[in-house]
Protein chains: 2
Amino acid sequence: MSFKVTILGSSGALPAYGRHPSAQLVEIQNRYFLVDCGEAVQMQLMKFQGNYHRIGHILISHLHGDHYLGLMGLLFTMHLQRRTNDLHIHSHRGLDEIITTQFKYSQSVPSFKIIFHTLKNDVREVIYEDDALTVETIPLVHKLRCSGFLFREKPKPRRIDKSVLPEGLLIQQLAGLKRGEDVCDEFGNVLYKNETLTLTPRKSRSYAYCSDTAYNEQMVEQIRGIDLLYHEATFANDEEQKAKETKHSTAAQAATIASLANVHQLLLGHFSARYKDPQPLLEEAIPLFSNTRLAIEGEEHTIPE
Amino acid sequence: MSFKVTILGSSGALPAYGRHPSAQLVEIQNRYFLVDCGEAVQMQLMKFQGNYHRIGHILISHLHGDHYLGLMGLLFTMHLQRRTNDLHIHSHRGLDEIITTQFKYSQSVPSFKIIFHTLKNDVREVIYEDDALTVETIPLVHKLRCSGFLFREKPKPRRIDKSVLPEGLLIQQLAGLKRGEDVCDEFGNVLYKNETLTLTPRKSRSYAYCSDTAYNEQMVEQIRGIDLLYHEATFANDEEQKAKETKHSTAAQAATIASLANVHQLLLGHFSARYKDPQPLLEEAIPLFSNTRLAIEGEEHTIPE
């Protein structure tokens, strides 16, 4: 089952050198989430063949323009293409007014239902849950109310080992095996111990999106041990003071968070327009956390099962 | 002196095949006007080296998203880059609310003064005038209040023919010659007839932007004889009924307007996403008006003096 992050934009506040502002498509087991909507996100989705008709939830970290200005164009396009399925938008307060004002002046009523969810500030909350995964917010430290998002698969069932499975088991017994139960007869006597017929479950994968944020160790506990962390890295070391003033992070700070949280892989993004090539940011991060990569538009990051 | 139209986007409502929505940079004698602001206009300005810091006036034809959604990103960028000179925005009512709502939720106060001007509906009006040119609105027929824009240089002074100019004329006499006056002595006797020392003025150039609009012969009188007409051509002939329903034009209808108005050149744009290649639209226009071209992103159309 899929668990894939597609980078649609990884520029900072200003688009530069062909880089687009923040946006990502997160696909987990055929659920599609759009995380931030920098300007031109609809063109980026078309370019990288992201199936925007299947997006059910749009998560906006905060209301700086480089994180949401592409939303309205996408909504108008969905409307012109006669989308009918509901769309959930999660954002800090204000975005509903921004959107409804624009629909009002275009004299259009969207062809689909938009359901706004206002994020709480400074607290973790589960904003999405189904049988396979949860999404919770990560409180970030920025100039505006700002939240990251943590995607986490729920614990998975044990896998039945078909090579040793006896014939004739009932559906209920197979379901019990997946839940970790033994196979018993009608009197409760164990016929097969669970571990003789099943394999360990596939691992539950996880991904955290943390942009924009100042260096913030408070997030470490929440993201401990996750598979993939996207953390903003607006500046290089020589701009650490600037990072502090603007409540952004350096690449080294992002790597420090990744190391403290013992994540598997770190993805750097939200590069300042001062860097034509973000490679030096990567080079400052790697000594602190070796499994680091740059977020490059169009690249897909798949977390294997 | 320059008179140049740079195409930044010529797609219709949906961006498609790499084409961006409507936007143009119009430069006349070092005045810079941005006409419509389709999504990603700031990236297009950067790509085609349009000097957006020098833009003094932004003209928005109407409040369908494909004509204004790039404005906010451009304004935020100007703000982040600490623009100080005033910016005039001309639009039908609503855009001021859309912009101020977004500045409010980003908790920023623009670094420069934004002066909103609300366009009148269904009447021509001069919205810009200085010593060299005027800009007036062209009432268009569309689903929303919608205006085109007519840029027209004012009549130019006669040019002094230096090859025959006698020595010793006063500055006031030279200025009089440019205004078409004869050179007289202190008693009012004509020393030199104007036409013996001057050449005809350079022509006053003109450009009209007409998008979006249904076929509308009422505009013909206003744009008669202009040098360059940009007219929307959303559809081909076989979609004439669709054009009528959606209050757009076919390429042939655009060519008919150009022919009736006897303009010098026609530029087609606002191509529907159904056309991967807009060449067939050009082929339907040319039999009706031969001097027709397609509006292609990045191309500059200069009207010579």
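None of the figures in this text is laboratory data; all of them are computed from the coordinates on show. Just so it is clear, the model here is predicted, and its values are computed rather than measured. Reconstructed Cβ throughout: ideal geometry from the backbone, glycine too, with neighbour counts over all protein chains shown.
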- line: Using alpha carbon positions and the Kirkwood radius, the Rg to Rh ratio of the stretch A:159-199 is 0.91
field: Relative compactness, the protein assembly as shown, computed as alpha-carbon Rg over 2.2 N^0.38 Å
entry: 1.22
- line: Listed by chain and number, the residues whose amide H is under 5 Å from that of A:GLN265, excluding neighbours fewer than 5 places away on the same chain and using placed H, are A:LEU228, A:LEU229
- prompt: Which of these, B:SER22, B:SER108, B:SER290, has the largest mean-square fluctuation under a Gaussian network model of chain B (Cα springs below 10 Å)?
  reply: B:SER108
- prompt: Using θ = phi - 60° and the Karplus form 6.51 cos²θ - 1.76 cosθ + 1.60, what ³J(HN,Hα) does each residue of the stretch A:57-68 get, whole Hz, x for Gly and Pro?
  reply: 9, 10, 10, 10, 5, 6, 9, 7, x, 6, 10, 9
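What are the semi-axes of the equivalent ellipsoid of the stretch A:246-304, taken as the square roots of 5 times the eigenvalues of the Cα gyration tensor, listed largest first and rounded to whole Å? Please report the intermediate quantities before stating the final value.
On the way: eigenvalues 62, 49, 21 Å².
Each semi-axis is √(5λ); the values are 18, 16, 10 Å.
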statement: Under the helix-only model (-39500 (n - 2.57) for each DSSP H run of 4 or more, divided by the residues of chain A), the mean residue ellipticity at 222 nm, to 500 deg cm²/dmol, is -6000 deg cm²/dmol
task: Starting from the amide H of B:LEU199, placed 1.01 Å from N in the peptide plane, find each other amide H under 5 Å away whose residue is 5 or more places distant or on another chain.
output: B:ARG159, B:ILE160, B:ASP161
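Only counting other Cβ atoms within 10 Å, I'd like A:THR101, B:THR6, B:THR250 sorted with the fewest neighbours first. Spell out each step's value before the answer.
On the way: A:THR101 17, B:THR6 20, B:THR250 24.
The most exposed by this proxy come first: A:THR101, B:THR6, B:THR250.
State to the nearest 20 debye the size of the charge dipole of the stretch B:159-199 about its Cα centre, where the only charges are +1 on K and R beta carbons and -1 on D and E beta carbons.
Computed about the Cα centre, the dipole is about 240 debye.
Quick one: Kirkwood hydrodynamic radius for the stretch B:19-79, alpha-carbon pairs, angstrom, one decimal? Don't jump to the answer; show the numbers that get you there.
Values: mean 1/r = 0.0883 Å⁻¹.
11.3 Å is the Kirkwood radius here.
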message: If you consider only alpha-carbon coordinates, what radius of gyration and Dmax does the stretch B:36-170 have, in Å?
response: 19.1, 67
statement: The lysines whose Cα lies under 22 Å from the Cα of A:LYS4, excluding any fewer than 8 residues away in the same chain, are A:LYS47, A:LYS154, A:LYS156, A:LYS203
Charge dipole (debye, nearest 20) of the stretch A:103-181; +1 at Cβ of Lys and Arg, -1 at Cβ of Asp and Glu: 280 debye
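Have a look at the DSSP beta bridges in chain A and tell me what percent are antiparallel, nearest 5. The partial results should precede the final answer.
Working: 34 of 61 bridges.
Bridges in chain A that DSSP calls antiparallel: roughly 55 percent.
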- request: Kindly put A:ASP182, B:ASP161 in sequence by how many other C-beta atoms sit within 10 Å of each C-beta, fewest to most.
  value: B:ASP161, A:ASP182
- prompt: Given B:MET1, B:MET43, B:HIS20, which one lies farthest toward the positive end of the charge dipole of the stretch B:1-67, if we put +1 on the Cβ of every Lys and Arg and -1 on the Cβ of every Asp and Glu?
  reply: B:MET1
Residue mean of other protein chain beta carbons inside 10 Å, B:35-45: 4
- line: The ³J(HN,Hα) series, computed from each phi in the stretch A:231-243 with the Karplus coefficients 6.51, -1.76 and 1.60 at θ = phi - 60°, rounded to the nearest Hz and given as x for glycine or proline, is 10, 4, 9, 5, 10, 8, 3, 6, 10, 4, 5, 4, 4
query: What net charge is computed for the residues neighbouring A:LEU268, neighbours being all others with C-beta under 12 Å from the C-beta of A:LEU268, Lys and Arg scored +1, Asp and Glu -1?
result: -2
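Label chain A by shape, choosing from rounded, prolate and oblate, from the square roots a ≥ b ≥ c of the eigenvalues of the Cα gyration tensor; if a/c is under 1.5 it is rounded, and otherwise prolate applies when a/b is larger than b/c, oblate when it is not. If you can, show how the numbers build up before the last one.
On the way: a/c = 2.32, a/b = 1.47, b/c = 1.58.
The shape class here is oblate.
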- request: Please average, across the residues of A:97-107, the number of beta carbons from any other chain that are within 10 Å of each residue's own beta carbon, and give a whole number.
  value: 6
- request: Consider a paramagnetic label point 7 Å from the Cα of B:GLN279 along Cα→Cβ; state which residues of the stretch B:230-249 have an amide N under 18 Å from it.
  value: B:236-237
Dipole magnitude (debye, nearest 20) for the protein assembly as shown, charges at Cβ of Lys, Arg, Asp, Glu: 240 debye
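Going by average Cβ neighbours within 10 Å, how do the peptides A:72-80, B:88-96, B:240-248 rank, with the highest at the top?
Numbers: A:72-80: 22.0, B:88-96: 19.8, B:240-248: 16.7.
Listed from highest to lowest mean packing, they are A:72-80, B:88-96, B:240-248.
At a threshold of 8 angstrom on Cα-Cα distance, excluding pairs fewer than six apart, so keeping six or more, what relative contact order does the stretch A:159-199 reach in percent?
Normalised by residue count, the contact order of the stretch A:159-199 is 45 percent.
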- prompt: How large is ³J(HN,Hα) for each residue in the stretch A:112-122, as worked out from phi by the Karplus curve 6.51 cos²θ - 1.76 cosθ + 1.60 (θ = phi - 60°), to whole Hz, x for Gly and Pro?
  reply: 9, 8, 9, 10, 8, 10, 8, 6, 7, 9, 6
field: Shielding by partners - mean other protein chain Cβ count within 10 Å, residues of A:62-74
entry: 5
- prompt: Taking only the alpha carbons of the stretch A:93-252, what extent do you get along each of the three principal axes, in Å, biggest first?
  reply: 67, 49, 25
